[in-house]
Amino acid sequence: MSKAHVSPAQDRPSPADARAETRVVVANQWQLIWWKFRKHRLAMFAGAVTIFLYVVAVFAEFFAPYSSGTYSAAHTFIPPQSIKLIQQTDAGPRFYPHINGFKVQVDQESYKRTYVIDESIIYPVGLFVRGEEYELWGVFTTDLHLIGAAQFGDPVYLLGTDRLGRDVLSRTIYGTRVSMSVGLVGVGLSLLLGVILGGISGYYGGMIDNLIQRTIEILRSLPTIPLWMGLSAAIPLTWPPVRVYFAITVLLSLIGWTTLAREVRGRFLSLKTEDFVIAARLDGVREMQIIIRHMAPSMTSHIIASVTLAIPGMILAETALSFLGIGLRPPVVSWGVLLQEAQNVRSIATAPWLLFPGVAVVTAVLAMNFLGDGLRDAADPYQA
Amino acid sequence: MIWYIARRILYLIPTLIVVSIIAFLVIQLPPGDFLASLISKAEETIDQAQVDALRERYGLDEPIYVQYWKWVSGIVLRGDFGDSFEWNRPVSDLIWERLGLTMVISLFTLAFIWVVAIPIGIYSAVNQYTIGDYLVTVVGFIGLAIPNFLLALVLMYIAFRYFGQSVGGLFSPEYIDADWTLERALDMLSHIWLPVIILGTSGTAALIRVMRANLLDELSKLYVDAARARGLSELRLLFKYPVRVALNPLVSAVAWVFPALVSGSAITSIVLNLQTTGPLLYRSLQAQDMYLAGSLILLVSILTIIGTLVSDILLAWIDPRIQLQ
């Protein structure tokens, strides 16, 4: 870096500094949080990734080239195809995004099918292409897809296919919807339990506090996954997918609420003795009013941060259970359900691309961890 | 100290009762009772006298609390966990070795986590905001984000693809059903490193964060400056007090790392096909072999509760202030 970029040391506050200071003094809490959060580059990036994942979840039909159930018996275990942007023609190179076709070779001894890229076959690929028709949220019908084969029907599978010839990319995109929402719904339920029980515990103290704290300790000392396995194995096979989905989220939140309850209790304990709460109480404000009007607003930012940090745990738990086959079950598509296809070394050895939903899991969990970390730091804007 | 331990053990009693109720609930949850599934699975017809005897033994005609009492008292008084109808053997015959192996793996992993996390955490705190620190942070976060079973799959794939060997299992084939000998123990040690690394990754990542944060808190305190001003060497300065103080929360962290380990090992063991409780529980749940499943959940829970208790006592011993709280 050149010297010219280094600003000269300033001893006296400049007018600009003074203005900035006034701005800080009059800013409300959310502005302060936002300013502090904005400085946290990694958290900002993670926030963008998180938003992107939820957008994908909402518009899964549009982002996915195929529907989650589309299969093609002739195209099983196709390896990922790489997009080539430039095509060499007689008239020189030209911009023409495409993938190469493939030939099937059958090993005469083992009858193993292998795909060999055939440079002579070209399938053009494009953005905003017309493909399978779908109904977005059951409201309007369209056949527009973000990416896919430019000519409907060409075998374009960017991330390969599974044993039934289903597109891994499309299924991962559809899985986003279920996996990301399990986290949200589960955390919503945990939050409800956590805030109510943690609030009661922190506000009233004494016997009730003791009881709730002991309960939390017991729940926290339990090995969650064996317990989840036992409970979710009891979900009847005959239940419709939606009910299984809710049963699983309820199970996850039955144990997940403890962390949030602890957080809420801790905040309540420290806020209870703050001057403004005592002042409100001396003024004769009702208990509920104190909690909702005066105490809750100063905790929201912390709660939002801990909620964000709780979601990844839920996503991981759902993935683990579905992976074992005792969580969500096909035809529901979640990342865990997809990873079930890659349950043993043999299937991974034939088709390592089946692990791609795992990349999605890691991305989502990482993004939400960084986001939550940034939010937690920003939640206390008065601290340096 | 004795009072503190006594109080902790007293707290253990309600916990154990709650755990046993949950485990019993798991046994009861599937539709139909144990006998119905037994009869439907049996190949030859079971004569009525045998059915009646079993009905009597588990108290199936009696109210649920009587059934619960029969189950619990059988375990506590006679060590009788009921029968596994899939294996047609008493549950207690099936579980002890697997429970022991679960414990061995968990303890090894715990040791691994400590040995790896503490030095890295110290390094990361002392060299805050250097490239090494950032590297540790990033790797740590990724370690936290990868589900155990996914890591297991990826490592198995790498071992298969690049080293041409199929890893998995805790013993070489010739030792699986062998009696415990020195050779078998050595054989286990040569297999145990993979599950230990897989299970330990997320715990290590978490503890590095804890260690780093604790040590940073300590390093900014005045006594450190004072000691430095007196000319203490940096190394002694670091290890004499700050590291020791920073280790305290790490001991209490065992209380939540241990349940997470036992819990995580359930899935990893299924993927790696280890002879621990995880795969047995999985199979028993699929076969609705509920007395086996319930007993496993009960014992694994008790195992973690005892682990938590030990870490609490350890912490109180290291940091006497805890006892006063």
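Odds and ends about this structure:
- Cβ-Cβ FRET estimate between A:Gln31 and B:Ala159, R0 fixed at 51 Å, reported to 0.05: 0.45
- FRET efficiency for A:Leu164 and B:Leu189, using Cβ-Cβ distance with R0 set to 56 Å, rounded to 0.05: 0.85
- Segment A:91-136 and segment A:322-347: distance between their alpha carbon centers, rounded to Å: 27 Å
- GluC sites (Glu not before Pro) within segment A:228-298, DSSP loop, no more than 15 other Cβ atoms inside 10 Å: A:Glu274
- Chain B: relative contact order in percent, alpha carbon pairs under 8 Å with at least 6 residues between: 27 percent
- Between segment A:177-232 and segment B:179-212, the alpha-carbon center distance in angstrom: 30 Å
- Longest exposed-site-free window of chain A, the sites being trypsin sites (Lys or Arg not before Pro) in a DSSP loop that have at most 13 other C-beta atoms within 10 Å: A:164-285
- Extreme residue, positive dipole direction of the protein assembly as shown, given options A:Thr70, B:Tyr123, A:Met207 (C-beta unit charges): B:Tyr123
- In this Cβ point-charge picture (+1 for Lys and Arg, -1 for Asp and Glu), chain B has a dipole of about 1740 debye about its Cα centre.
- Estimated dipole of segment A:61-166 in Debye, rounded to 20 [Cβ of Lys and Arg +1, of Asp and Glu -1, Cα centre]: 220 debye
- Here the Gaussian network model covers chain A, with springs between Cα atoms less than 10 Å apart; of A:Pro80, A:Pro236, A:Pro155, A:Pro236 fluctuates the most.
- Amide N of segment B:135-156 lying under 15 Å from the label point, which is placed 7 angstrom from the Cα of A:Val359 along Cα→Cβ: B:154
- Dividing the C-alpha radius of gyration of chain B by 2.2 N^0.38 Å, with N its residue count, gives 1.22.
- Placing +1 on the Cβ of every Lys and Arg and -1 on the Cβ of every Asp and Glu, with nothing else charged, gives the protein assembly as shown a dipole about its Cα centre of roughly 2360 debye.
- Taking chain A and dividing mean pair separation by its residue count, relative contact order in percent (alpha carbons under 8 Å, at least six apart): 20 percent
- Among A:Ile78, A:Ile216, the order by Cβ neighbours within 10 angstrom, fewest to most, reads A:Ile216, A:Ile78.
- In segment A:145-228, chymotrypsin sites (Phe, Trp or Tyr not before Pro) in a DSSP loop with at most 16 other beta-carbon atoms within 10 Å: A:Phe152
- Folded to 0 to 90 degrees: helix A:356-378 orientation relative to chain A principal axis, Cα: 20 degrees
- Restricting the calculation to alpha carbons of segment A:61-166 gives Rg and Dmax of 15.6, 53 angstrom.
- The alpha-carbon positions of segment B:159-301 define a convex hull whose volume is 179 Å³ per residue.
- Modelled this way, with points 7 Å down the Cα-to-C-beta line, the labels at A:Asp143 and B:Leu10 are 7.6 nm from one another.
- Dipole orientation for segment B:212-325: of the candidates B:Ala227, B:Ile306, B:Trp317, B:Ala227 has the Cα lying most toward the positive pole (charges on Cβ; Lys, Arg +1; Asp, Glu -1).
- In this structure, the pairs whose alpha-carbon distance is over 30 Å, taken from A:Lys36/B:Lys221; A:Lys36/A:Lys272; A:Lys39/A:Lys84, are A:Lys39/A:Lys84.
- Think of segment A:252-343 as having a plus end and a minus end, set by charges on the Cβ of Lys, Arg, Asp and Glu; of A:Gly336, A:Trp257, A:Gly284, A:Gly284 sits farthest toward the positive end of this dipole.
- Alpha carbon Rg of chain A, scaled by the compact-globule rule 2.2 N^0.38 Å: 1.27
- The residues A:Met295, B:Met290, B:Met1, B:Met103, when put in order of fewest to most other Cβ atoms within 10 Å, stand as B:Met1, B:Met103, A:Met295, B:Met290.
- Note on A:Gln108/B:Asp179: beta-carbon distance plugged into 1/(1 + (r/R0)^6) with R0 of 51 Å gives a FRET efficiency of 0.60.
- Evaluating kT/(6 pi eta Rh) at 37 °C and 0.692 mPa s, with the Kirkwood radius of the protein assembly as shown over Cα pairs in the Stokes-Einstein relation, gives 113 µm² s⁻¹.
- Sorted from greatest to least, the principal axis extents spanned by the alpha carbons of segment A:253-323 come out as 56, 18, 16 Å.
- Low-density loop positions, chymotrypsin sites (Phe, Trp or Tyr not before Pro), segment A:324-384 - DSSP coil, at most 15 other Cβ in 10 Å: A:Tyr382
We did not get these values from a lab; they are worked out from the coordinates using the rules stated. This one's a predicted model, so the numbers in the text were calculated from it and none came from an experiment. Ideal geometry is used to build each Cβ from the backbone, glycine not excepted, and the neighbour counts take in all protein chains shown.
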